[in-house]
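Since the structure comes first, as C-alpha cells, the remarks are kept for the end.
Just so it is clear, none of the values below were taken in a lab; they were calculated from the coordinates. Note that this is a predicted model, so its numbers are computed, not measured. Every residue, glycine as well, gets a Cβ built from its backbone with ideal geometry; the counts of neighbours run over all protein chains shown.
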Ligand SMILES: Nc1ncnc2c1ncn2[C@@H]1O[C@H](COP(=O)(O)OP(=O)(O)O)[C@@H](O)[C@H]1O
Ligand SMILES: [Mg+2]
C-alpha cells in the first residue's frame, strides 16, 4: 500500500486527535444527559451539586410517562412483526422471482429510506386524517412499518441471496412439501438475517420521532414524542432520566444482539 | 427393452429460445449404475432435474416401473438426490440431516434412530451424529448427503457431479465407496459427470451427451473399442484423427486412402462424423506400432519423445504434415532407434472411419 499507516510519521498524531474528537462528540452528549439525570439540581446545573435517584422516582410515578413507554413497546413489537413478515415475503419475490421490473420493485421498496422523513410524515398525516387512522395505534404501526420495511428487505434479501437454493431443493426431494421445506430448512438457515431485520425494525420504531409526532394524539404518544412534548413545556431532569432509559434499553438490545450473533456464528 | 425400470422417452427441454435438451431416450433396468457423461452444457443436469421433477419436460415422458411420474410433484416422487454443491441443512447436526426425510414421512423415533445408525455405518461415518455440517470436510459432507438420500430407501438415486468440488485423491476414495454402496443397496443410480475416468470407474453403462443429445450408450469398453460417432471417439480415451483423401464404403467396412496415398483396407466405418465435413480415420495412440524393416505402413518422422514411466509417448509427423501420437511400452520405443524415416502400422479393425 502506498498510503500505509506506519509511514505517515507525525500525521499519525493528527489522525489520532481526529478519532478521539469524533468519539467524544458522539459520546459526550449521551454521558452528559445521563449525568444530569442523576444530578440533584432542578435547573440541570452541571456539574451536579449532588447525586440523586429522585427524577427516576418521579418518572416512574407519572402515568403519562409509563403510558408512553408502554405505547413505544407495543408499537415497536407490532412493527417488528409486520416488517419482518412483509420483508420476508418481499425478499422471496425479489430473490427467487423471475418477473420483469424486479429491480424497479426493489428500488421502490427502498424509497422510504431516502425519502425526506418530514415529507413522508406530512403526506401520511394528510392521508390518515382522511381515512381516520391518525392518532390510532394502527396508524402508528403502519407508519413505522413503512419506515422499517426497507431495512428488513435489505437484511433478508442478503441472507436469502447467500442461501443456496439447492439446499431447499434437497429438502423437497427428501419428501418435504415446498412450504414445509421453507419452514423447516430455509427459515432456520437464514435466521440471522431475520433476526437482524427484527432488531433494525424495532430500533427504527423505538427511537423514531418525526413521523411519530404527526401520528400521535394527546392520549397516544410514544416515548420520544413524550420527551419532545415535555421539553417544550418545561425543562426538568425527568426528561434526562427518560432519555437515559431510552438509551440504556437500546444498548441492552444491541448487546443481546451481539451475543445472539456470536452464538449463531458457532 | 422389457426390463426397463426407469424410462425416459423423447425428453426435450427448452428454456425460451435455448434448447437445453434436444431429444433424449433411455431405458434403464433396475439396479443399474448409468452415468451421463459429456461436456459442460450438454444437457446432463437438465435431464437429471427432469427426473427429479424440478423442471417439467417441454416434450416426452419419464416413467418408473411403467407409470409416468410427470404428474407427481418432486416431494412425492420418493427419489434420492446428491447435488453438486453441498446441500446439508446447515442448522441441523448430521444425525438430524439423515433423519429429516424419515421425520417428514412420520416414521417412529425407534425406526429413525435405527436407520440413522445404519446409514452412518453405510457411509462409514459412525459417531458423527452430533457434528454440524460446517464441522465436516467436503468429502464427509457429500457422504452424509448420500446417507440422507438413501435413508428412505428410494428406488432411484440421482447424483449430479457430487465429487467435482473434491480433490483427485479424495474423489477416487469416495468413488470406491459409491461403487460399494451401489452393490450393497442395489439402488438404481443415475450419475452425472464430465470426467471420463470417473464414468469408466463407476458405471455399468455410460450415456455420452453432446449438444442436448445422447451420442451413444454402452459399457465403458463398448464406447472405447467401438465408438459410434466421432465425438465419442474423441471424448473417451486418447485418439488420433487422420485426414482421409478417399473412401470406398462396402457395407459397415471401408477402405481409406490417406493424403500420401497409403491405402488401408477393412476399417469399421460409421456415419456419425458430427460437424466435420471431411471423413476422418480414428486410431488410438496405443494401437500404433513401428514397423520393423521398411516398406509397409505409414511413413512418419519423429518430432518428440516423452518418457512417462511405464510408457512413452512419441509425437510423429506424417508425410502431409499432420501430427499424431504413438504410445508404447518404454522398451518398445527405444529412443536411439527413432532416427531417420520410419513407418507405423496398426490393425485396421482397431481403427474407425467416420464419414
Ligand atoms: N434455467 C435455465 N435457463 C436457461 N438456460 C438453461 C437453464 N438451465 C440450463 N440451461 C442451458 O441448457 C444447457 C444445458 O445445461 P445443463 O443441463 O446444465 O448442462 P450440463 O449439466 O450438461 O453441464 C446449457 O446451455 C444451459 O445454459
Ligand atoms: Mg451440470
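Data for the structure
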read-out	value
Normalised alpha carbon radius of gyration of the range A:212-266 [divisor 2.2 N^0.38 Å]	1.57
For chain B, the Rg and Dmax computed from alpha carbons only, in angstrom	24.6, 79
Kirkwood-based Rg to Rh ratio, the range B:188-269, C-alpha trace	1.07
Whole-number Å³ per residue for the convex hull built on Cα positions in the range A:117-264	133 Å³
10 °C / 1.306 mPa s Stokes-Einstein diffusion coefficient of chain A, Kirkwood radius on C-alpha pairs, µm²/s	73 µm²/s
Helix-only mean residue ellipticity at 222 nm for the protein assembly as shown, each DSSP H run of n ≥ 4 adding -39500 (n - 2.57), per residue, nearest 500	-14500 deg cm²/dmol
Nearest-ten-degree value, helix B:109-122 long axis tilted from longest Cα axis of chain B	20 degrees
With Cα atoms, 0 to 90° folded angle of helix A:63-96 axis to chain A main axis	20 degrees
Hydrodynamic radius (Kirkwood) for the range B:58-115, which is based on Cα pairs only, to one decimal in Å	14.0 Å
Alpha carbon convex hull of the range B:164-300, projected area averaged over orientations, nm²	11.5 nm²
Largest-first principal axis extents, alpha carbons of the protein assembly as shown, Å	119, 70, 52
Tilt relative to chain A, helix A:137-162 - C-alpha long axis, 0 to 90 degrees, to 10	50 degrees
Shape call, the range A:1-147: gyration tensor on alpha carbons, a/c limit 1.5	oblate
Range of Cα positions in the range B:238-354 per principal axis (Å), largest first	42, 27, 22
Over the range A:45-131, volume per residue of the alpha carbon convex hull, in Å³	215 Å³
Dmax and Rg, reported as Rg then Dmax, of the range B:90-200 (C-alpha, Å)	13.9, 43
Which of B:47, B:14, A:80 has the fewest Cβ neighbours within 10 Å, and the rest in rising order	B:14, A:80, B:47
Alpha-carbon Rg with Dmax, taken over the range B:40-83, Å	10.6, 31
Angstrom value of the Kirkwood radius, inverse mean 1/r, which spans all Cα pairs in the range B:25-182	16.7 Å
